[in-house]
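Written below as structure tokens is the structure these notes are about.
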Amino acid sequence: WGTVYMHIDDDDRTVGAVLCAVQMNFIPTSEAQLFLPDFTPTPRISVLYSIWSYKKGAASKLVREYLEMLRVQGSPIKRIVTMSPKTEMARNFHYKNGARLLQTNEETVNYEY
């Protein structure tokens, strides 16, 4: 259903951050929508729905690595969006990493990279 990506710290080989993403053909506005079946064979949107950081700066580094991976591999993914909580921390994180506000929903916010 989703994919987990990790950033491994070069110095001590430990997990610095974890990112969860799912590929879909629509932009979810609630957690429940993440579980809706999407039977389209070639999804075009990657939705980042959870990011944990265990070390300062590791989550930002992981987001950059993920964005680069999608661009380098010639992926069919055409849009990268988030389904984020309505918090100042999430807003600051995504703005700092180059995202823009896409839409504000009842329970979540979508940013686009």
Gaussian network model of the chain, Cα within-10 Å springs - most flexible of 31, 88, 65: 88
Where a Cα-Cα gap under 29 Å defines reach, which lysines qualify for residue 56, not counting those fewer than 8 residues away within the same chain? 86, 96
Could you pull the accessible area for residue 102 with a 1.4 Å probe, rounded to 10 Å²? 50 Å²
In sequence order, calculated HN-Hα J values of the stretch 13-19 (Karplus, 6.51, -1.76, 1.60; Hz; x Gly/Pro): 6, 9, 6, x, 7, 9, 10
3J(HN,Hα) from dihedral phi, the stretch 58-64, Karplus parametrisation 6.51/-1.76/1.60, rounded to Hz, x for glycine, proline: 5, 5, 4, 4, 5, 4, 4
Using the Karplus equation 6.51 cos²θ - 1.76 cosθ + 1.60 (θ = phi - 60°), what ³J(HN,Hα) coupling, rounded to whole Hz, does each residue of the stretch 31-42 give in order, writing x for Gly and Pro? 4, 4, 5, 4, 9, 5, x, 10, 8, 5, x, 10
Chymotrypsin sites (Phe, Trp or Tyr not before Pro) lying in DSSP loop within the stretch 1-90, provided at most 16 other Cβ fall within 10 Å: 1, 26, 39, 54
In vacuum, with every alpha carbon of the chain counted as one equal point scatterer, what does the Debye formula give for log10 I(q)/I(0) at q = 0.20 Å⁻¹? Two decimals, please. -1.12
Name the residues whose placed amide hydrogens come within less than 5 Å of the amide hydrogen of residue 17, ignoring near sequence neighbours (fewer than 5 apart) on the same chain. 7, 54
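The values are calculated or read from the model by the stated rules, or taken from the named source; none is laboratory data. Bear in mind the structure is a predicted one, so any value in this text is a computation, not a measurement. Neighbour counts are summed over all protein chains in view; Cβ atoms, including those assigned to glycine, are modelled from backbone coordinates with ideal geometry. Areas reflect the complete protein model, heavy atoms only, side chains present, ligands, DNA and RNA absent. Shrake-Rupley method; radii C 1.70, N 1.55, O 1.52, S 1.80 Å.
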